[in-house]
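Report on the following structure.
Computed from the coordinates by the stated procedures, all read-outs in this text should not be read as laboratory data. None of these values were measured; they are calculated from a predicted model. All Cβ positions, glycine included, derive from the backbone under ideal geometry; neighbour counts span all protein chains shown.
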Amino acid sequence: MPELPEVETIKRTLNQLIRGKHIDHVTVNLPRIIQRPDDSEAFAFLLQGHTIEGVERRGKFLRIKLDGLVIVSHLRMEGRYGLYSSGDPVEKHTHVIFHFDDGTELRYKDVRQFGTMHLFASGEEFNNPPLSKLGIEPLDDTFTLNKFKEIIGVKKTKIKAVLLNQAYIVGIGNIYVDEALFRSGIHPERNAYTLSDAELESLYEAIIDTLSESVKAGGSSIKSYVNGQGEMGMFQHSLRIYGRKDEPCDNCGGPVMKTVVGGRGTHYCPRCQPVKR
């Protein structure tokens, strides 16, 4: 958390807030957030004087594009960005501040301190970790049914573990995997290669529909997620299976169950998502 819909929402919000702003200087209060270069002072020095051209997304990563440079930012568990006036009090756990020449500041706050930032020359980010390891985008035109079957249909591991693997398909985290598997009637512990063509097509459509609906709703505010303007997402009100242990299933009325798959808490309906079909 945040997953693809939340990061997409943050991207869109930041484009409204910081596009065209000119960096006067950068303050790094927690050097380990900066992964590239390995010197946080060099990171700050290299960014000085650059202009933000826009913000893009790759999987769960933000790409903050500047004139000639790109910051690749991963929010991890609880990282968040916000735009402030330079006179506003700096909150606890604010680790990186981008000071703009118009008197505003983009502040990165991270209570868990798991977030990362990598700085690249424009274009180099795709040829180096972490972006070089990522799979296909599920809301991109290249994400076709045939490509999905090619990626998923031969895997001999559990379907939930396959969908969570960012080397295959990016951006689908625990919440949206559970939702997509429920919509398609597939048990999370089914081995991927056992799925029929009809099941793969149903799952493919469920992934696209679930992610698209969540993006439209601004993402899901589970725990502490807010966008760059401090606003909550609303898709959590539309979740049909995730977080609903012991509640009645929307489809059959039976109790929603929770188990652990691949180390992740997993919600499913044993009636609607049988182990074998």
Listed by chain and number, the residues whose amide H is under 5 Å from that of Glu78, excluding neighbours fewer than 5 places away on the same chain and using placed H, are Arg112, Phe114
With a 26 Å threshold on alpha-carbon distance, the violating pairs from Lys160/Lys245; Lys149/Lys245; Lys65/Lys216; Lys156/Lys258; Lys11/Lys245 are Lys149/Lys245; Lys11/Lys245
Karplus-derived 3J(HN,Hα) from phi for the stretch 257-274 (6.51 cos²θ - 1.76 cosθ + 1.60, θ = phi - 60°), whole Hz, x at Gly and Pro, runs 9, 10, 9, 10, 10, x, x, 10, x, 9, 9, 7, 10, x, 7, 7, 10, x
Counting only residues 5 or more apart in sequence or on a different chain, those whose built amide H sits under 5 Å from that of His25 are His99
Taking Ile159, Ile152 and counting other beta carbon atoms within 10 angstrom, the fewest-first order is Ile152, Ile159
Asserting the computed 222 nm helical MRE of the chain (DSSP H runs at least 4 long, -39500 (n - 2.57) per run, divided by residue count, to nearest 500) equals -7500 deg cm²/dmol
Here, GluC sites (Glu not before Pro) of the stretch 39-111 satisfying both criteria (DSSP loop; at most 13 other Cβ within 10 Å) are Glu91
Residues Leu46, Leu75 in order from fewest to most other beta-carbon atoms within 10 Å are Leu46, Leu75
Computed for the chain: size of charge dipole around the Cα centre, +1 on C-beta of each Lys and Arg, -1 on C-beta of each Asp and Glu, debye to nearest 20, value 1140
The alpha-carbon center of the stretch 1-19 and that of the stretch 88-150 are separated, in whole Å, by 10
Percent of all Cα-Cα pairs per 5 Å bin for the stretch 4-133, counting from 0 up to the last occupied bin, reads 2, 11, 22, 26, 25, 11, 2, 0, 0
Expressed in angstrom, Rg and Dmax over the Cα atoms of the chain are 20.1, 61
Here the stretch 18-33 yields Karplus 3J(HN,Hα) values (6.51, -1.76, 1.60; θ = phi - 60°; whole Hz; Gly and Pro given as x) of 10, 4, x, 6, 10, 7, 7, 7, 10, 10, 10, 8, 10, x, 5, 4
Restricting to lysines and to Cα separations under 21 Å from Lys92, and discarding same-chain partners fewer than 8 apart, the set is Lys109, Lys223
Diffing the stretch 112-128: the Karplus 3J(HN,Hα) column from phi (6.51, -1.76, 1.60, θ = phi - 60°), in whole Hz with x for Gly and Pro, holds 7, 6, 9, x, 9, 9, 10, 10, 10, 5, 3, x, 6, 5, 7, 9, 9
With +1 at each Lys and Arg Cβ and -1 at each Asp and Glu Cβ, the charge dipole magnitude of the stretch 4-133 around its Cα centre, to the nearest 20 debye, comes out at 600
Proxy exposure order for Leu66, Leu106 (fewest C-beta within 10 Å first) is Leu66, Leu106
